[in-house]
Amino acid sequence: MNKILEGKTALITGGGTGIGRAIAIRFAEEGAKVHVVGRREEPLRETARLIGAACTWQRGDISRQEEVEAAINALPRLDLLVNNAAAAFALDALKDDIAKWKQMLDTNLMGPLYGCRAAGRKMVAQGGGGRIINVTSIHGALAEVGSVHYGTAKAAVNQMSRALANEWAPHGILVNVIAPGFVDTPMSRASGENELETDWFRDLYVKRRKIPLARAGRPEEIAEAALFLANPRNSYMTGHVLTVDGGLSITF
């Protein structure tokens, strides 16, 4: 039986941990050659070890345009780009310095933009076709205290993806978004504690089912959504934001 992504080459940012690693593993299982990019060497090496010969890795900071372009341009060809790498930290919109806004936007907005532009140019030069998947968040549509900078960046990427899907459709490039809710990844521990183990999460999201499925998602579940968007047979879907949140965004 032919594998879904046989013969395809995918680049995945933030591929050393969490959602990025899960997507890399899933794409490789379906026959893709995967190239993972991130800032830390050891997690990238571990992803490559888990996958084997089908995976290569490269250190790179997505907030730096030249590093994103170098990673994409070094590949012989590119069929799939997954812009997954992101930063997360709290911000007080009244008190914190504007430099924190810039830090967030450089990674969570400009990073995906650099990737989309470089990938789009490469895909067009190859003769057209290709898939771009931007991983954002339900914060792109919903608001949470302390996350105005994060939500602003994610909402901007959602709209950028819609606009690029429209602009690049004549080239056969499909651009879509995955917007996860709570997912059990290292980012859930970015503040120093695992937010999924706090009393407020267990009470509000699990016991009282603010998340109807009463749990956080697993990286592997987001990877299945990415595979759905990458599947060559899924050829009539572009400019879409696919929410994968256990039902969180349908409750009130």
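None of the figures in this text is laboratory data; all of them are computed from the coordinates on show. This is a predicted model, so every value here is computed, not measured. Because the Cβ atoms are built from the backbone with ideal geometry, glycine has one as well, and the counts that use them run over all protein chains shown.
Per-structure values
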{"quantity": "Some residue of region 232-247 being out of contact with any strand residue (DSSP E or B) (no Cβ under 8 Å at 6 or more places or on another chain), farther than 26 Å from Leu80 by Cβ and either surrounded by 14 or more Cβ atoms within 10 Å (Cβ to Cβ) or without any contact (Cβ under 8 Å) to a residue 60 or more places away in the chain (or both)", "calculated": "yes"}
{"quantity": "Tally of residues being in contact with a His (Cβ under 8 Å, 6 or more places away or on another chain) and small (Gly, Ala, Ser) across region 131-154", "calculated": "2"}
{"quantity": "Those residues of region 200-231 which are under 17 Å from Glu29 (Cα atoms) and either touching a residue at least 60 places away in the same chain (Cβ under 8 Å) or surrounded by fewer than 14 Cβ atoms within 10 Å (Cβ to Cβ) (or both), in sequence order", "calculated": "Pro219, Glu220, Ile222, Ala223, Glu224, Ala226, Leu227, Leu229, Ala230, Asn231"}
{"quantity": "Within region 75-102, tally of residues that are touching a residue at least 40 places away in the same chain (Cβ under 8 Å) and within 22 Å of the chain's Cα centre (by Cα)", "calculated": "17"}
{"quantity": "Close pairs (9 angstrom Cβ cut-off, 6 or more residues apart or separate chains): among the charged types (D, E, K, R) in region 1-13, assigned to a strand (DSSP E or B) and surrounded by 12 or more Cβ atoms within 10 Å (Cβ to Cβ) anywhere", "calculated": "Lys8/Lys33; Lys8/Leu80; Lys8/Arg131"}
{"quantity": "Residue within region 239-251 that is within 27 Å of Cys116 (Cα to Cα), out of contact with any Gly (no Cβ under 8 Å at 6 or more places or on another chain) and among the β-branched types (Val, Ile, Thr) present", "calculated": "no"}
{"quantity": "Scan of region 180-215 for residues that are assigned to a loop (DSSP other than H, G, I, E, B) and within 22 Å of Val157 (Cβ to Cβ), ordered by number", "calculated": "Gly181, Phe182, Thr185, Ala190"}
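So that you can scan it fast, the table gives a plain yes or no per residue for (1) closer than 22 Å to Asn176 by Cα; (2) among the aliphatic types (A, V, I, L, M):
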{"site": "Gly7", "(1), (2)": "yes, no"}
{"site": "Val36", "(1), (2)": "yes, yes"}
{"site": "Glu69", "(1), (2)": "yes, no"}
{"site": "Ala74", "(1), (2)": "no, yes"}
{"site": "Leu94", "(1), (2)": "no, yes"}
